[in-house]
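Data first, discussion second: the structure below is written as structure tokens.
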Amino acid sequence: MRKIIHCDCDCFYAAVEMRDDPSLVDLPIAVGGNRERRGVVATCNYRAREFGVKSAMPTGQALKLCPDLVVLPTSMAKYREAAMMIRSIFFRYTERVEPLSLDEAFLDVSDSRLYRGSATLLASEIRRVIAAEVGVTASAGIAQNKFLAKIASDLNKPDGQCVITPEKVDEFIKSLPVTRIFGVGEVTRKKLKRMGVGTCGELQEVSLTQLAKFFGSFGSRLHALCRGIDEREVNANSRRKSLSVERTFSNDLVDCEACIRRLPELLIELRARLERIDSDYWVTKQVIKVKFDNFTSTTLERQLNCEISLSSYQELLFEAWGRGARPVRLLGLGVRFIDHSEAQTGSQLRLFPR
Ligand code: DCP
Ligand code: MG
């Protein structure tokens, strides 16, 4: 039986800002772009969340919900520094650390002898050290696999932790909404709903054959996850090869121009995601994905000569759209990476903008 800890900082960017200016602690604060420039909230503290403010919300809307909201610009260098300190704390306890983004990671502590092998006590210790040395709080989930640990870390946020012991898994998973399964987005959720499935318990009633028929290879993964089974290793060397954001539109975009109009918002989202991963990734390609109303899809990628830019996504989109030339239900925007540590001195490689 493995022991996995998923550790995730609480309102991370906002927590760093509150640490550096304690007068902010009791105020509702958000970090992100300002209203005038039509920015979005990257995150906000828990005080602001009481007003309904949340990540990815336009700052203008956040200020309507919470007129006293203090909006601070992002200071990525500071967040990165805090993130690196946190990461080095993880490595004191195990080498098997898999960072997911700046503020979260999986730790496989199966072999740890500290605290007589109690992952629960180990998680509290790690959280205590992070608070003492970095000055921000983190929450943790402890379970036998990554899937359950990640869900658990959300349950007692902020500054809390939750253990799902092996004997509790069956009971826990039964009532879990299927939307908590990574990869179950709006489209899958609706499909499942039509099948009468809303929870993992209900999903367990659907046969593997049926799931494979409806969801292809994702079907067998659903079959396992809804039973709390997840064999994925904590992979300390895993490197991302790509990153993308995509959106399915409730109304199809009628033509190429309508698609192009949606690019800026997707690009903002992509840039924010890029900032949250390590800085030693080099972007080598820009990728665009278009899914048409007849469910055919096409992707197009292009080597990057300089920074990622709206104009080159526009060009790619224009070309990709031309392959189907019909209404579009989904647009995706992405990049491919080369790992900095493997990177040769290629003339076409550039670090993405910060
Ligand atoms: N972030 C962002 N844009 C988003 C989501 C997050 O820029 N749409 C940034 C700001 C967050 C950080 O990434 O501080 C970590 O993301 P989390 O999803 O872990 O959110 P928080 O740590 O802010 O809050 P929580 O306490 O819910 O984990
Ligand atoms: Mg977090």
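The values are calculated or read from the model by the stated rules, or taken from the named source; none is laboratory data. Remember, predicted model here, so these are calculated numbers, not experimental data. Reconstructed Cβ throughout: ideal geometry from the backbone, glycine too, with neighbour counts over all protein chains shown. All accessible areas refer to the heavy atoms of the entire protein, side chains included, with ligands and DNA or RNA removed. Shrake-Rupley method; radii C 1.70, N 1.55, O 1.52, S 1.80 Å.
Below, the figures for the structure above:
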| quantity | calculated |
| --- | --- |
| Filtered residue count, region 246-263, keeping only those that are modelled with pLDDT of 95 or more and open to solvent by less than 60 Å² (accessible area, probe 1.4 Å) | 6 |
| Selection status of residue 238, within 26 Å of residue 332 (Cβ to Cβ), among the polar types (S, T, N, Q), exposed (fewer than 14 other Cβ atoms within 10 Å of the Cβ) and touching a residue at least 12 places away in the same chain (Cβ under 8 Å) | yes |
| Which numbered condition residue 92 misses (of (1) of a type outside the set (A, V, I, L, M); (2) away from ligand 1 (no atom under 16 Å from the Cβ); (3) touching a helix residue (DSSP H, G or I) at 6+ places or on another chain (Cβ under 6 Å)) | (3) |
| Breaking point among (1) more than 17 Å from residue 269 (Cβ to Cβ); (2) in contact with a helix residue (DSSP H, G or I) (Cβ under 9 Å, 6 or more places away or on another chain); (3) surrounded by fewer than 13 Cβ atoms within 10 Å (Cβ to Cβ), for residue 70 | (3) |
| So residue 275, is it open to solvent by 60 Å² or more (accessible area, probe 1.4 Å), modelled with pLDDT under 95 and among the acidic types (Asp, Glu) | no |
| Every residue from region 38-63 that is in contact with a Lys or Arg (Cβ under 8 Å, 6 or more places away or on another chain), aliphatic (A, V, I, L, M) and under 12 Å from residue 269 (Cα atoms) | 41 |
| Odd one out for residue 129, checked against (1) farther than 14 Å from residue 4 by Cβ; (2) touching a strand residue (DSSP E or B) at 6+ places or on another chain (Cβ under 9 Å) | (2) |
| Any hit, region 97-107, residues being at pLDDT below 95 and open to solvent by 60 Å² or more (accessible area, probe 1.4 Å) | no |
| Selection count where residues are open to solvent by less than 20 Å² (accessible area, probe 1.4 Å) and free of Cβ contacts under 8 Å to residues at least 40 places away in the same chain, scope region 21-56 | 7 |
| Residue check, residue 44 more than 30 Å from residue 119 (Cβ to Cβ) and within 16 Å of ligand 2 (Cβ to nearest atom) | yes |
| Filter pass, residue 75 being surrounded by fewer than 16 Cβ atoms within 10 Å (Cβ to Cβ), under 20 Å from the mean Cα position of the chain (by Cα) and more than 9 Å from ligand 1 (Cβ to nearest atom) | yes |
